[in-house]
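Colleague: Following this message is one structure expressed as C-alpha cells.
The values are calculated or read from the model by the stated rules, or taken from the named source; none is laboratory data. Small disclaimer: the values here were computed from a predicted structure and weren't measured. Positions of Cβ are backbone-derived with ideal geometry, glycine not excepted, and every protein chain shown enters the neighbour counts.
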Amino acid sequence: MNGGAADVLRKLDLLVAGMTGLKGDGRIDEPNLDGSPGDYVGFTSWEWPQGVGLYGLFRLWEFRGDDALRRLIENWYALRLATGLPPINVNTSAPMLALALLWARTADARWQPALAAWADHVIADLPRTPEAGFQHIVSDGVNAGELWDDTLFMLVLPLAAYGRASGRHDLAEEAVRQFLLHARYLTDTETGLWFHGWTFAGRHHFARARWARGNAWITAGILDFLDIVDLRGGVRDFLLDCLCAQMNALAALQDESGGWHTLLDDSSSYLETSATAGIAYGFLKAARLGLVEPRFREAGLRGLAYVLAQIDGDGIVQGVSYGTRMGRDLQFYRDIPMRPTAYGQALAMLLLAEAARHLETA
C-alpha cells in the first residue's frame, strides 16, 4: 500500500470516530412539524443526516469488511427500531437506505418488517405532486407541490434498494419513474447542472439556485442508483447522459483549491466541503467504471486533496453547510451557517473509500 492510500485509510478511521461522537449543542433548532425538537446533528437521531451517515458507514464496511463497523451499524438500528420510528416523510426515509442494503447483504430477519411497512406507507400515503412525483414533505415542512433534488437520495435510493432486495419490481419501477420525473423538472438545459427545486404552484425553480450539495446528491446518486438497480437500454443511457452533462459543467466550475462553491456558479459564495466530497466521489467512481475521460479522475483527486485538508485532528469535517431549505433568493444560500454534520462525515467517507481504491493501484 502506498503512502497516499495509507493516509486516506487513517483518515477514514478518524471520520468514523468523528461521526459517532457528534452531538447537537442547541445552536440551531430544527423543530418537527408537531413542534417537538429535531436533531440534525447528533448521531443517535433518526433523520436524514444520520441516514446519510449510516450509508457512508455501510459502504465503508462493505469496502473494509470490518466486523466492528457492522456491529456499530446493527446496534444503531436495533436501538432505534426498539424505541419506535418518527413519522415517515422524505427525510426520515434516508436511514432506510443502509438498512435495505444491510438486509440484502446479511438476510438478517430483524430488518425486513420495518422496511416492508415503510415501503408500503411511502407508496400508499406519501403526498404526490402533479405527475405523481414525491412531494418533498419533511419533518419541518410540507412543501406542497414541490420537487427537490434531495428527494432522490433521501427517499428514492432507499426505495430502489429495498425493491431490489425484496424482489418487489413495483418499487424499483417507481424509483426509475422518480429519477426521470425529477430529471425532467430539475435539470438546467443551459448548463447541465441541476436546480435545487421546482414548484408546480407557479411553475418555476424558486431562486434558480445551482446549489452545490444538491448537485452532489445527483452526481453520487445517479451512479449509486445504477449500482442498485440493474438498468439497461434507454433509461440507463438517459441517466448517464444527464450525469455526463452535469459533470462537464462541474469540472469547469471547480475552484483552483480543488473545492466547489456552495453556489456552483458564484465564486463569491463559500467553498463547501460536503458538496466537494460528493462531487469528487462521483468523479472518481465514474472514472473507475470507465464512464468518463481520465481528466475527471484528476479533478476528483484534486477534490480529495481539498476534503482531506478539511478533516481536523478529531476526525470532524469542517466547512460543511447546515441543512438547507428551499431558498427564494440566492443570498439565502450564501448565508447558510457551517456546522459539523453526519452527512458531511459520510460524504467524506464515500470519497475516501473510493479514493483508496484508486491510490492502492497508483
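Colleague: Out of the residues in the stretch 308-327 that are among the hydrophobic types (A, V, I, L, M, F, W, C) and touching a Ser or Thr at 6+ places or on another chain (Cβ under 7 Å), state the one that is nearest to Trp48 (Cα to Cα). Show your work before the answer.
Modeller: Narrowing the stretch 308-327 to residues among the hydrophobic types (A, V, I, L, M, F, W, C): 308-309, 311, 316-317, 320, 326.
Keeping just the survivors that are touching a Ser or Thr at 6+ places or on another chain (Cβ under 7 Å) gives 317, 320.
Numbers: Val317: 17, Val320: 15 Å.
Among those that are among the hydrophobic types (A, V, I, L, M, F, W, C) and touching a Ser or Thr at 6+ places or on another chain (Cβ under 7 Å), it is Val320.
Colleague: Now, a different point. Yes or no: the stretch 48-63 includes at least one residue that is over 17 Å from the mean Cα position of the chain (by Cα) and at pLDDT below 85.
Modeller: No, the stretch 48-63 contains no residue that is over 17 Å from the mean Cα position of the chain (by Cα) and at pLDDT below 85.
Colleague: If only one of Tyr343, Tyr306 is of a type in the set (Phe, Trp, Tyr), more than 25 Å from Thr191 (Cα to Cα), surrounded by 20 or more Cβ atoms within 10 Å (Cβ to Cβ) and in contact (Cβ under 8 Å) with a residue 24 or more places away in the chain, which one is it?
Modeller: Of the residues listed, the single one that is of a type in the set (Phe, Trp, Tyr), more than 25 Å from Thr191 (Cα to Cα), surrounded by 20 or more Cβ atoms within 10 Å (Cβ to Cβ) and in contact (Cβ under 8 Å) with a residue 24 or more places away in the chain is Tyr343.
Colleague: Another question, then. Among the residues of the stretch 97-105, is any surrounded by fewer than 24 Cβ atoms within 10 Å (Cβ to Cβ), over 21 Å from the mean Cα position of the chain (by Cα), at pLDDT 95 or above and of a type in the set (Lys, Arg)?
Modeller: no
Colleague: While we're on this one: So is Ala212 over 23 Å from Glu62 (Cβ atoms) and buried (at least 17 other Cβ atoms within 10 Å of the Cβ) or not?
Modeller: Against the criterion (over 23 Å from Glu62 (Cβ atoms) and buried (at least 17 other Cβ atoms within 10 Å of the Cβ)), Ala212 qualifies.
Colleague: Can you tell me which residues in the stretch 207-247 are assigned to a loop (DSSP other than H, G, I, E, B) and within 20 Å of Trp148 (Cβ to Cβ)?
Modeller: Matches in the stretch 207-247: Ala207, Arg208, Ala209, Arg210.
Colleague: I'd like the residue in the stretch 23-46 that is under 18 Å from Pro337 (Cβ atoms) and of a type in the set (Asp, Glu) and, out of all such residues, is modelled with the lowest pLDDT.
Modeller: Among those residues, the one meeting the criterion is Asp29.
Colleague: Does the stretch 248-261 contain any residue that is buried (at least 24 other Cβ atoms within 10 Å of the Cβ) and part of a helix (DSSP H, G or I)?
Modeller: Checked against the condition, which is being buried (at least 24 other Cβ atoms within 10 Å of the Cβ) and part of a helix (DSSP H, G or I), the stretch 248-261 yields at least one hit.
Colleague: Quick one: in the stretch 174-206, of everything that is in contact with a Gly (Cβ under 6 Å, 6 or more places away or on another chain) and either assigned to a loop (DSSP other than H, G, I, E, B) or without any contact (Cβ under 8 Å) to a residue 24 or more places away in the chain (or both), which residue is surrounded by the fewest Cβ atoms within 10 Å (Cβ to Cβ)?
Modeller: Top of the filtered list is Ala201.
Colleague: Can I ask one more? Which one is farthest from Ala356 (Cα to Cα), of the residues in the stretch 278-300 that are surrounded by 20 or more Cβ atoms within 10 Å (Cβ to Cβ) and either among the aliphatic types (A, V, I, L, M) or without any contact (Cβ under 8 Å) to a residue 40 or more places away in the chain (or both)?
Modeller: Going residue by residue through the stretch 278-300, those that are surrounded by 20 or more Cβ atoms within 10 Å (Cβ to Cβ) are 278-287, 292, 296, 299-300.
Restricting the remaining residues to those that are either among the aliphatic types (A, V, I, L, M) or without any contact (Cβ under 8 Å) to a residue 40 or more places away in the chain (or both) gives 279-280, 284, 286-287, 292, 299.
Values: Ile279: 16, Ala280: 13, Leu284: 10, Ala286: 15, Ala287: 14, Val292: 19, Ala299: 15 Å.
Per the stated criteria, the residue is Val292.
Colleague: Among the listed residues Leu171, Leu147, Leu159, Leu115, which satisfies the condition of being of a type in the set (A, V, I, L, M, F, W, C), in contact (Cβ under 8 Å) with a residue 40 or more places away in the chain, on the phi < 0 side of the Ramachandran plot and outside any helix (DSSP H, G or I)?
Modeller: The match here is Leu147.
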